[in-house]
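As structure tokens, the structure follows; a few thoughts come after it.
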Amino acid sequence: MRLSKGGLIDRSETFEIRFDGRRIPAHPGDTVASALLAAGERLVARSFKHHRPRGIFSAGAEEPNALVGVGRGSRHEPNVRATVQEARPGLRLASQNRWPLLSVDAGAAADLAKPLLGAGFYYKTFMWPKAFWEKVYEPLIRNAAGLGRLSGRADPDPAEKRTRDCDLLVIGAGPAGLMAAREGARAGLRVVLAEEDFLLGGRLLAERE
């Protein structure tokens, strides 16, 4: 699944990340998604409602399927898009919304009952008996809601916060954003360039020889 040349990765160095305990080889410049695909990992998540198998759909922040948990213990962060998370040595990842395993998910049985699980079915179904709401229905709904789960522990790392004023805020470090930031700086403006990826360049990165 790896190309022999091209791209932004450094093939001279290899390290490992872990996905659900499995060791996945990666290179500097990989995202988690690219490392998983290169290793032949096509199943990365389960859908929210029917627990259907889901793979990697896109290559950026618009990714709807490949949401993973990053880190362990109190440093666990849920619902991170694998397509924008940089792979780094020792990174630990976990799939979400499945039990007991991603490949064998008991929740997939919900797909068999899909004719009975229409949109908003719970608003009609969980109305009676009234006494069941607080002790039965609500705990079940809350347990099923969402995808990833927070650790419930205090974050040991200090939160980084910075306040900065600028004359020009440029959002996106693609070709247009880089040009706008450069021209603004040349004009003497205080410029802040904001980019969600760990590399600047946008589509220019795909045009490198």
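The values are calculated or read from the model by the stated rules, or taken from the named source; none is laboratory data. Just so we're clear, the structure is a prediction, and the values are computed from it rather than from any experiment. Virtual Cβ from ideal backbone geometry, glycine too; neighbours counted across all protein chains shown. Accessible surface areas use protein heavy atoms only, side chains included; no ligands, DNA or RNA. Shrake-Rupley method; radii C 1.70, N 1.55, O 1.52, S 1.80 Å.
Residues whose amide H comes within less than 5 Å of that of PHE19, counting only those at least five positions distant or on another chain, are ILE24, LEU93 (H built at 1.01 Å from N in the peptide plane).
Listed values (i) 38, 24, 17; (ii) 25, 23, 14; (iii) 41, 22, 18 include one computed from this model; for semi-axes √(5λ) of the Cα gyration tensor in Å that value carries the label (i).
Of all aspartates and glutamates in the structure, the ones whose alpha carbon falls short of 17 Å from that of LYS130, not counting any fewer than 8 places away in one chain, are GLU138. Ellipticity at 222 nm from helices only: DSSP H runs of n ≥ 4 in the chain, each -39500 (n - 2.57), divided by the residue count, give -4000 deg cm²/dmol.
Region 5-27 and region 148-209 have Cα centres lying 25 Å from one another. Across region 133-140, rounded Karplus estimates of 3J(HN,Hα) from the backbone phi angles (6.51 cos²θ - 1.76 cosθ + 1.60, θ = phi - 60°) give 4, 6, 9, 10, 5, 4, x, 5 Hz, Gly and Pro being marked x. Most tightly packed first, judged by the mean number of other beta-carbon atoms within 10 Å of their residues, the peptides 128-135, 92-99, 21-28 read 92-99, 21-28, 128-135. Relative to the longest principal axis of the Cα atoms of the chain, the long axis of helix 175-186 makes an angle of roughly 50 degrees. Across region 90-97, computed HN-Hα scalar couplings (Karplus, 6.51 cos²θ - 1.76 cosθ + 1.60, θ = phi - 60°) run x, 5, 10, 10, 9, 6, 10, 6 Hz from first to last residue, x flagging Gly and Pro. Peptides 102-112, 48-58, ordered by how many other C-beta atoms sit within 10 Å of their residues on average, highest first, read 48-58, 102-112. When the surface is traced with a 1.4 Å probe over the full set of protein chains, LEU178 keeps roughly 60 Å² accessible.
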